[in-house]
Amino acid sequence: MFIDQATIYVRGGNGGAGCRSFYRDKFNRRGFPDGGDGGKGGDVIVRADRNLYTLLDFKYNRHFHAPNGGHGSGRNKKGKEAPPVVIKVPVGTVVLDKNSGCVLRDLKEDCEEFIVARGGKGGLGNSHRGIEEATKGEACSEKVLLLDLKLIAEVGIVGFPNAGKSTLISKISNAHPEIASYPFTTKSPVLGVVRRQGRQFVVADIPGLIEGSSKGRGLGDRFLRHIERTKVLIHLIDMAGTEGRDPASDFKAINNELKHYSREVSSKPQVIAANKMDLEPAVMNLEKFKRGVRRKVYPISGLKAEGLEELIDAVAKKL
C-alpha cells in the first residue's frame, strides 16, 4: 500500500538523576561526597533509507519514545547513557513540525539524518566541587511531526486517465503497474528506471489528473506534489480520443491544472507525446493538434512500442 503522509509523536529520553552519596571509612567518619552523574537520555533520529518507498510503517506505529538515561550511583559511578531511537523514512520525505507548520528537514539523500528530539542531559552528582546536593536530569524534548513523502524522480508522466501512462512506463522502464482499459486504474504513483545508451533516470507515473485536480477533483490533488521534484514532464495525449475527448482540449486542461497548482511546476520543460497512433482516428487528429500547439510532438504507440526510442532520446536531451 502506498502511503505518502503520516503523523507521528516523538519524545526523547529524560536525563538520569545525579547521585548524592558520601564515602565513609574508619578514618573518615564525616565522609566525603562521591555521587556520580546521571546519564544522558536517548535522542530520536530520523534517517532516510533508499530501500523504503512508502510511509505505511507509520499507519499503526506512531509513537516513538527514546529511553531515559541511567541514574548515577556512589563511588563516582556515572549513569548509563541511553541509546538513540532511529526512525527510517523513504528518501524524499519532508519532516514538518505539525504544530507550527515549520519544515525541519527535507531528506533528499540516502542515509541523511538529523536529531528531531534531543534527550535530556544527566544531572550532576555531589562529587563535583561546590555541589552539596545532587541535581535532577534535564527533561527531554517532544514533538508532533508530519511526514510528507515527495517522490524522487527526474521525469514525471502526466495526462488524463486512460491516456496510456501505465502502458508507457511499463514499456520504457522496469516498472510493472496494473494496466486496464478503464480510468483510474493506477491509484498511486509508480516509479520506474529507464536505461538507454549507458544512461539511466527515474520516471514517475502520476495518476488521477483531470480537469479540476488542483481544486480537489479526482486523485490529482493528492499526487500533484510528487512532480515538484521532477526536472522534465512527459505530457501524454490520447491522440485517438478514445474517451470521446478532444486531444487539444486535454492538453490545455492539464496545463491549466499545473499552472493553478504551482507556477514552478507549470514552467518545467515538457516533452509532448501523442499516444495511440496505432488507431486510425489518431492519424487524423495529429496534424490538427500540431497546428494548435505549435510545438514538437512525438507520435508513439505505447501498446506496440513504436516511437519510444525517439521519445526517450528527447527526454534525455532535456535532462
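The values are calculated or read from the model by the stated rules, or taken from the named source; none is laboratory data. All figures in this text were calculated on a predicted structure; none of them were measured in a lab. With ideal geometry, Cβ positions are generated from the backbone for all residues, glycine too; neighbour counts draw on all protein chains shown. Note: accessible area is taken over every heavy atom of the protein model, side chains too, but ligands, DNA and RNA are not part of it. Shrake-Rupley method; radii C 1.70, N 1.55, O 1.52, S 1.80 Å.
What's the number of the only condition in (1) in a strand (DSSP E or B); (2) touching a residue at least 40 places away in the same chain (Cβ under 8 Å) that ASP106 fails to meet?
Every listed condition holds for ASP106 apart from (2).
Can you tell me which residue within region 1-10, out of those that are of a type in the set (A, V, I, L, M, F, W, C) and part of a loop (DSSP other than H, G, I, E, B), is modelled with the lowest pLDDT?
MET1
Name, by its number, the condition in (1) more than 16 Å from the chain's Cα centre (by Cα); (2) crowded, with 18+ Cβ neighbours inside 10 Å that does not hold for VAL91.
Of the numbered conditions (1) more than 16 Å from the chain's Cα centre (by Cα); (2) crowded, with 18+ Cβ neighbours inside 10 Å, the odd one out for VAL91 is (1).
Given the options ALA134, ALA139, name the one that is open to solvent by 20 Å² or more (accessible area, probe 1.4 Å), closer than 30 Å to GLY70 by Cβ and in contact with a Leu (Cβ under 8 Å, 6 or more places away or on another chain).
Among ALA134, ALA139, only ALA134 is open to solvent by 20 Å² or more (accessible area, probe 1.4 Å), closer than 30 Å to GLY70 by Cβ and in contact with a Leu (Cβ under 8 Å, 6 or more places away or on another chain).
Given the conditions (1) among the hydroxyl-bearing types (Ser, Thr, Tyr); (2) open to solvent by less than 40 Å² (accessible area, probe 1.4 Å); (3) out of contact with any Leu (no Cβ under 9 Å at 6 or more places or on another chain), and given that SER127 satisfies all but one, which numbered condition is not satisfied?
(2)
How many residues does region 169-199 contain that are open to solvent by 40 Å² or more (accessible area, probe 1.4 Å) and modelled with pLDDT under 85?
Of the residues in that region, 14 qualify.
Taking region 226-258, which residues are open to solvent by 20 Å² or more (accessible area, probe 1.4 Å) and out of contact with any helix residue (DSSP H, G or I) (no Cβ under 7 Å at 6 or more places or on another chain)?
ARG229, LYS231, THR242, GLU243, GLY244, ARG245, ASP246, SER249, LYS252, ASN256 - these are the residues of region 226-258 that are open to solvent by 20 Å² or more (accessible area, probe 1.4 Å) and out of contact with any helix residue (DSSP H, G or I) (no Cβ under 7 Å at 6 or more places or on another chain).
Exactly one condition in (1) charged (D, E, K, R); (2) at positive phi; (3) open to solvent by less than 70 Å² (accessible area, probe 1.4 Å) is false for ASP37; which is it?
(2)
Quick check, is GLU113 at pLDDT below 90, open to solvent by 50 Å² or more (accessible area, probe 1.4 Å) and not basic (Lys, Arg)?
In short, no.
From the list LYS268, LYS252, exactly one residue is under 23 Å from PRO207 (Cβ atoms) and part of a helix (DSSP H, G or I). Which is it?
Selected residue: LYS252, the only one of LYS268, LYS252 that is under 23 Å from PRO207 (Cβ atoms) and part of a helix (DSSP H, G or I).
So, THR135, is that one modelled with pLDDT of 90 or more, hydroxyl-bearing (Ser, Thr, Tyr) and not in a strand (DSSP E or B) or not?
So THR135 fits the description; yes.
Can you confirm whether GLY244 is over 21 Å from ILE206 (Cα atoms) and part of a helix (DSSP H, G or I)?
When the stated conditions are applied, GLY244 does not pass them.
Which ones in region 260-293 are open to solvent by less than 70 Å² (accessible area, probe 1.4 Å) and among the small types (Gly, Ala, Ser)?
Within region 260-293, SER262, SER266, ALA273, ALA274, ALA282, GLY292 qualify.
What strands (runs of 3 or more DSSP E), lying completely within region 11-96, carry at least 2 residues that are closer than 22 Å to ARG129 by Cβ?
So the answer is 22-25, 28-33.
I'd like to know if region 44-58 contains one or more residues that are farther than 20 Å from VAL91 by Cα and open to solvent by 40 Å² or more (accessible area, probe 1.4 Å).
Scanning region 44-58, I find no residue that is farther than 20 Å from VAL91 by Cα and open to solvent by 40 Å² or more (accessible area, probe 1.4 Å), so the answer is no.
Any chance region 116-126 includes a residue that's of a type outside the set (A, V, I, L, M, F, W, C), out of contact with any Ser or Thr (no Cβ under 8 Å at 6 or more places or on another chain), more than 30 Å from THR230 (Cα to Cα) and part of a strand (DSSP E or B)?
The answer is no; no qualifying residue exists.
If you check every pair at least six apart or on different chains, which have Cβ atoms under 7 Å apart with a residue in region 308-319 that is part of a helix (DSSP H, G or I) first and a residue that is open to solvent by 30 Å² or more (accessible area, probe 1.4 Å) and not acidic (Asp, Glu) second?
Taking only residues 6 or more apart or on different chains, the pairs are LEU308/LYS171; GLU310/TYR298; LEU311/TYR298; ILE312/ARG196; ALA314/TYR298; ALA316/ARG196; ALA316/ARG199; LYS318/PRO269.
With (1) touching a Pro at 6+ places or on another chain (Cβ under 9 Å); (2) over 30 Å from ARG20 (Cβ atoms); (3) part of a loop (DSSP other than H, G, I, E, B); (4) open to solvent by less than 50 Å² (accessible area, probe 1.4 Å) as the list, and ILE152 as the residue in question, which single condition is left unmet?
Tallying (1) touching a Pro at 6+ places or on another chain (Cβ under 9 Å); (2) over 30 Å from ARG20 (Cβ atoms); (3) part of a loop (DSSP other than H, G, I, E, B); (4) open to solvent by less than 50 Å² (accessible area, probe 1.4 Å), ILE152 fails exactly one: (4).
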